[in-house]
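Shown next, in structure tokens, is the structure this report addresses.
No value in this document is a laboratory result; all are computed from the given coordinates. Predicted model, so just to flag it, every value in this text is computed and none were measured. Cβ atoms come from the backbone with ideal geometry, glycine included; neighbour counts cover every protein chain shown.
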Amino acid sequence: MARYTGPVEKIERRLGVSLAMKGERRLAGKSALDKRPYAPGQHGQRRGKISEYGLQLREKQKAKFMYGVSEKQFRSLFNEAARKDGNTGSILIQFLEQRLDNVVYRMGFATTRRFARQLVTHGHILVNGKRVDVPSYRVLPGAKIEVVEKSKNNPQIVRAVELTNQTGIVEWVDVEKDKKYGIFTRKPEREEVVIPVEERFIVELYSK
């Protein structure tokens, strides 16, 4: 299955949770989920009891759509996490958080991960002084992430940075807002990553 590129608010309504996919619109309380907190379609308001498999699948879908990864990428990350010592689910979330597009989003240079992905693929981001255009690139602790000089006054980037005064910035990055760069200081602990995903269900799904 390829990475999803369709209407994101429909996905949020179907899964019944905000996946931070609409940026400023979400912050203003204008997202479709806020207005219609039920699944889309004629029978959207009739939520039936969900099976154990349905719970497992839903949590995987949440994570995939939130971080913008394909099924193949997601399975590959899970397999790598499973080979590591430690909690597989927590390591999986760590890997997702280390994606370059996610780090750009976490540093406040984009209001959504989807926009962060565009910034990366269009060559607006430097990693340790070198242009990297691969959204899945894994950022290591100590790496410097910077918006290229010609893009630092991009209105969308400037607005995204302004909004961090309202939303805040996560603890595992150190950002110089005025200079549009930041340091990925460390890998986050699972309890620090506030996302509506219960990764234990994902582990159960893939462990069958």
Most packed first (mean Cβ within 10 Å per residue), the peptides 64-71, 133-140, 50-57 order as 64-71, 133-140, 50-57
Pairs over 20 Å Cα to Cα, from Lys64/Lys177; Lys144/Lys177; Lys84/Lys208; Lys144/Lys179; Lys150/Lys179, come to Lys64/Lys177
Burial-style ranking of 88-96, 194-202, average other-beta-carbon count within 10 Å with highest first, yields 88-96, 194-202
Once both label points are put 7 Å beyond Cα along the C-beta direction, the Lys72-Asp133 separation in nm becomes 2.0
Cβ-Cβ cut-off under 15 Å around Trp172, Lys and Arg +1, Asp and Glu -1: the net charge is +1
Per 10 angstrom bin, beginning at 0 and ending with the bin that holds the maximum distance, the Cα pairs of region 57-127 fall in percents of 20, 48, 28, 4
Computed for region 80-208: size of charge dipole around the Cα centre, +1 on C-beta of each Lys and Arg, -1 on C-beta of each Asp and Glu, debye to nearest 20, value 480
Taking region 50-171, the equivalent ellipsoid from its C-alpha gyration tensor has semi-axes in Å, biggest first, of 28, 17, 13
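Ala82 to Thr121: FRET efficiency via 1/(1 + (r/R0)^6), r the Cβ-Cβ distance, R0 22 Å, to the nearest 0.05?
The calculated FRET efficiency here is 0.15.
Could you order peptides 100-106, 110-116 by the average number of other Cβ atoms within 10 Å of their residues, highest first?
My ranking of the peptides, most packed first, is 100-106, 110-116.
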